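A.B. asks: Starting off with a structure, shown below.
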Amino acid sequence: MFAHQCALAGYGQIVSPMFEELAVFKRLGESTDVVTKEMFNFFDKKEKNPTEFALRPELTASVVRAYVQHRPAPPWKVWYEGPQFRYERPQAGRYRQFTQVGVEALGTDDPYVDVEVIALASQFYAALGLTQVRLLLNSLGDDSCRPAYMEALTSYLRSNAADLSEQSSATLEVNPLRVLDSKRPEDQAIVDAAPIMVDFLSEETSAHFDVVRSGLDALDVAYEISPRLVRGLDYYTRTTFEFAGDALEGSQNAVGGGGRYDGLAEALGGPATPGIGFALGVERILLACDAEGVFPAPETLVDVFVVDLTGGAEALTLTDSLRAGGLRADRAFGGRSMKAQMKLADRSGASIALLVGEDEVAAGTVTVRSLRTQRDQLSVSRSDVVTETKSLLEQLALLETLKMETRS
Ligand code: HAM
């Protein structure tokens with residue numbers, strides 16, 4: 001579904017390597033947790049001057065590295081999916097290996113590309129059936145206005161440093177913006193009263209942000225301005241955003257995020273090239289789907305269970321023809337008793353059991369037993385078993401639907 005939506009919007013797929021030179025990822029920000037604590041890095045086997053590599057913690061840096069290396073014609077719009085690696089303390093919704101899907105659009109700073117990118121993510125959540133995903137939007141300014149803001153923020157935080165938590169006082173010295181991200185109760189009053197970037201935006205960045213907002217309005221993409229939204233990576237400029245899954249537990253509720261990184265291509269040795277993108281966390285999206293009750297996992301793995309009382313060879317050919325006919329079929333192994341096999345059939349969730357004993361083999365038949373209704377059974381010819389089973393499954397499904405409609 002994600003690939004389809006990206007294709008509709010003119011994004012081509014990019015497949016990036018699982019690891020890159022560590023230097024590529026250092027551009028995410030020397031003071032970010034991702035770079036200082038969460039990288040899985042290693043040296044190659046060169047004896048002299050070995051090169052340090054790292055498993056990718058995200059894909060934006062790799063995509064921009066590929067852009068700088070291969071210089072495709074801009075605007076270059078790509079989508080990706082795949083595993084990322086961050087050395088974190090694993091917990092619900094936070095893993096050391098997790099999956100992202102995302103897009104990057106390089107080569108234009110037109111605010112309408114920001115709108116296109118944000119709308120794409122937002123429409124993906126909607127297409128999955130998620131209704132409790134909130135889009136938080138901010139502008140982090142650029143070189144024309146960020147330094148003045150950083151000065152104001154740093155001096156405000158320094159003057160309140162005595163009341164900040166120990167961790168935030170330490171963060172203040174390396175990356176004052178990240179203090180705004182503190183969830184510690186003792187920091188809240190100070191964070192809430194801190195100066196905000198949107199009050200410092202230059203005329204140009206402010207006008208850019210206005211177009212992004214009106215574009216989202218035009219597409220009916222709902223958002224909240226979140227002036228204290230900062231992201232965990234340092235490359236962001238101007239438009240930044242995050243998607244909060246409200247059905248998830250607070251600290252791990254970011255189901256996706258992204259923004260502009262207009263200086264990243266230059267930092268990686270390429271020509272100045274604006275860019276914007278997002279990445280969505282697939283595992284967290286699945287958790288949100290569970291929490292919102294969309295996408296219920298299929299109740300059963302199989303439709304049919306074969307019970308073979310002749311030793312197992314009949315089940316071999318029978319399951320083979322059922323599977324070839326498109327039916328999900330399973331069987332017991334290990335020459336078990338009829339009672340044990342019927343227990344397994346019940347546990348499998350199948351709607352139908354097919355029984356074959358010596359009598360059936362002699363007569364060229366199979367006994368079909370419903371596991372859902374009153375255990376009715378009938379005998380069908382072995383040559384018709386696939387068609388008969390399919391038709392019985394359809395009748396059972398119809399009965400289920402009728403039952404559900406009567407209940408509601
Ligand atoms: P990020 O905010 O670090 O951004 O990650 C994006 C999403 O990946 C998060 O919102 C979350 O859903 C998921 N995620 C991150 N870390 C974990 C983890 N340890 N376990 C499970 N899920 C996780 C980026 O990665 C940027 N590259 C996004 C971007 C693209 N910005 C511009 N273009």
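The values are calculated or read from the model by the stated rules, or taken from the named source; none is laboratory data. Everything numeric in this text was worked out from a predicted model, so none of it was measured. Cβ atoms come from the backbone with ideal geometry, glycine included; neighbour counts cover every protein chain shown. Calculation scope for accessible area: heavy atoms of the full protein, side chains included, ligands and nucleic acids excluded. Shrake-Rupley method; radii C 1.70, N 1.55, O 1.52, S 1.80 Å.
A.B. asks: Got a number for the accessible area of residue 135? Probe 1.4 Å, square angstrom, nearest 10.
C.D. replies: 10
A.B. asks: Between residue 49 and residue 15, 0.36 nm times their residue separation minus their Cα-Cα distance comes to what?
C.D. replies: Additional length available on full extension: 9.4 nm.
A.B. asks: For region 39-77 and region 313-337, compute the distance between their C-alpha centroids and round to whole Å.
C.D. replies: 48
A.B. asks: Please identify, among 353, 272, 148, the residue showing maximal mean-square fluctuation in a Gaussian network model of the chain using a 10 angstrom Cα cutoff.
C.D. replies: Maximum among the listed residues: 353.
A.B. asks: Same structure, new question: How much of the DSSP bridge set in region 248-349 is antiparallel, in percent, rounded to the nearest 5?
C.D. replies: 60
A.B. asks: Another question, if that's okay. Determine, from the Cβ-Cβ distance of residue 340 and residue 295 and an R0 of 41 Å, the FRET efficiency 1/(1 + (r/R0)^6), rounded to the nearest 0.05.
C.D. replies: 0.75
A.B. asks: Mean residue ellipticity at 222 nm from the helices of the chain, using -39,500 (n - 2.57) per DSSP H segment of n ≥ 4 over the full residue count, to the nearest 500 deg cm²/dmol?
C.D. replies: -11500 deg cm²/dmol
A.B. asks: Specify whether the C-alpha gyration tensor of region 189-273 places it in the rounded, prolate or oblate class, a ≥ b ≥ c being the square roots of the eigenvalues: rounded for a/c under 1.5, otherwise prolate if a/b is larger than b/c and oblate if not.
C.D. replies: It comes out rounded by the Cα gyration axes.
A.B. asks: Express the carbon and sulfur contribution to the solvent-accessible surface of the chain as a percent, rounded to the nearest whole number, probe 1.4 angstrom.
C.D. replies: 52
A.B. asks: Take the cross-link list 343/390; 26/183; 77/183; 48/77 and give me the ones stretching past 28 Å between alpha-carbons.
C.D. replies: 77/183; 48/77
A.B. asks: Here's something else I'd like to know. Given region 329-383, what whole percent of its Cα pairs are spread farther than 17 Å?
C.D. replies: 39
A.B. asks: Modelled label-to-label distance, residue 1 and residue 134, 7 Å Cα→beta-carbon offset: nm?
C.D. replies: Spacing of the two 7 Å Cα→Cβ label points: 2.3 nm.
A.B. asks: Let me ask something else. Roughly what % of Cα-Cα distances in region 213-314 sit above 18 Å, to the whole percent?
C.D. replies: 67
A.B. asks: Under 5 Å between amide H atoms, partner at least 5 residues away or on a different chain: which partners does residue 328 have, H built in plane at 1.01 Å?
C.D. replies: Placed amide hydrogens put 303, 304 under 5 Å from residue 328.
A.B. asks: How compact and how long is region 304-407, expressed as Rg and Dmax of its alpha-carbon atoms in Å?
C.D. replies: Cα only, region 304-407: 13.5, 45 Å (Rg, Dmax).
A.B. asks: Next question, about the same structure. What accessible area, in Å² to the nearest ten, does a 1.4 Å probe give for residue 4?
C.D. replies: Spelled out: residue 4, probe radius 1.4 Å, area about 120 Å².
A.B. asks: Decide, for region 145-232, between rounded, prolate and oblate: order the square roots of the alpha carbon gyration tensor eigenvalues as a ≥ b ≥ c, take rounded if a/c falls under 1.5, and otherwise choose prolate if a/b is larger than b/c, else oblate.
C.D. replies: prolate
A.B. asks: Give the Cα extents of region 90-144 along the principal axes, in whole Å, largest first.
C.D. replies: Principal extents (largest minus smallest coordinate, Cα): 40, 27, 20 Å.
A.B. asks: Please state the shape class of region 133-174: rounded when a/c is under 1.5, otherwise prolate if a/b exceeds b/c and oblate if not, all from the C-alpha gyration tensor.
C.D. replies: It is oblate, given that a/c is not under 1.5 and a/b is not larger than b/c.
A.B. asks: Would you list the membrane-span-like helices of the chain, meaning whole DSSP H runs whose alpha-carbon atoms span at least 27 Å along their axis and whose mean Kyte-Doolittle value is at least 0.0?
C.D. replies: 385-407
A.B. asks: Okay, moving on. For the chain, just list the percent of Cα-Cα distances falling in each 10 Å bin from zero outward, please.
C.D. replies: With 10 Å bins starting at 0, P(r) equals 4, 18, 22, 18, 12, 12, 9, 4, 1, 0.
A.B. asks: While we're looking at this one, here's another question. Would you please give the residues with an amide H less than 5 Å from that of residue 371, counting only those at least 5 places away or on a separate chain, with H modeled from the backbone geometry?
C.D. replies: Amide H to amide H, under 5 Å and 5 or more residues apart or across chains, residue 371 pairs with 352, 353.
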